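Novice: Please read through the structure below; I'll follow up with questions.
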Amino acid sequence: DQLILGDTLGAGGPKADGWLAMITTGTAGMSFFDSVEVDEIRHPILVRQRRLIADSEGPGRFRGAPASLVEFEPRGSQLEVLYQSDGTIHPAQGARGGGPGGPARNFVTRSGGAIEDADGWATLTLAEGDTVTGISPGGGGYGPPLDRDPSLVRDDVAEGYVSAARALAQYGVAIDDTGGVDVPATEKARADQEGGLG
């Protein structure tokens, strides 16, 4: 039996943020994610986690999608894992002033707790108690991050894609204690960053 647990997250473009569910560039978003529970019923695996990683997007007027992480292990037998991972050395770059997305990374945690970095392309054998973790690269951003609409940055913080600290450092958007945009602090932060003071 074969199962694909992977995805590619999209880059920001001239009109929109990067897709969160692109899956692979070859399918251009026309695939779908199985239910983890269905995969666990059909295959001898346990998916420990599958999630997006905050602060891994390429910042931009239109941000790249944040990176994703999947961690799984075999159940009841050994498991051969074949994977391909691009972006471990050269993460997705931004365009027209956008920043790069976070790099990909892969590692195995052995049953005794030892962590082994894994190459970008490899075949691994997991014993019971071992887990493999794959982190996809984040998508590159498009356009200068300081041109991003502050309300979109606020939404990114609320969704957990971007931390409040990164919102300020990369986008010049100050988020207040209620989760809203602090307009005067944002105007000052953007003016300082545009003037080279940030």
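The values are calculated or read from the model by the stated rules, or taken from the named source; none is laboratory data. Note that this is a predicted model, so its numbers are computed, not measured. As a convention, Cβ positions derive from the backbone with ideal geometry for all residues, glycine included, and neighbour counts pool all protein chains shown.
Novice: Would you check which residues across segment 56-85 are loosely packed, with under 15 Cβ neighbours inside 10 Å and either among the acidic types (D, E) or outside the structural domain of P44 (by TED's automatic domain parsing) (or both) and list them?
Specialist: Hit for segment 56-85 is E80, nothing else.
Novice: Now, a different point. Being touching a Phe, Trp or Tyr at 6+ places or on another chain (Cβ under 8 Å) and closer than 30 Å to G10 by Cβ is true for just one of L124, L79. Which residue is that?
Specialist: Going through L124, L79 in turn, the sole match is L124.
Novice: If we keep just the residues of segment 114-137 that are assigned to a loop (DSSP other than H, G, I, E, B) and among the charged types (D, E, K, R), which is farthest from R61 (Cα to Cα)?
Specialist: E128
Novice: Given the criteria touching a Phe, Trp or Tyr at 6+ places or on another chain (Cβ under 9 Å) and within 21 Å of A11 (Cβ to Cβ), does G143 qualify?
Specialist: Judged against the criteria, G143 is a match.
Residues are listed down the side, and each one gets a yes or a no for (1) at pLDDT below 95; (2) farther than 21 Å from D17 by Cα; (3) in a loop (DSSP other than H, G, I, E, B):
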| site | (1), (2), (3) |
| --- | --- |
| V81 | yes, yes, no |
| T88 | yes, yes, yes |
| G112 | yes, yes, yes |
| V157 | no, no, no |
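Novice: Can we say G198 is surrounded by fewer than 18 Cβ atoms within 10 Å (Cβ to Cβ), more than 18 Å from L20 (Cβ to Cβ), modelled with pLDDT under 95 and in contact with a helix residue (DSSP H, G or I) (Cβ under 9 Å, 6 or more places away or on another chain)?
Specialist: yes
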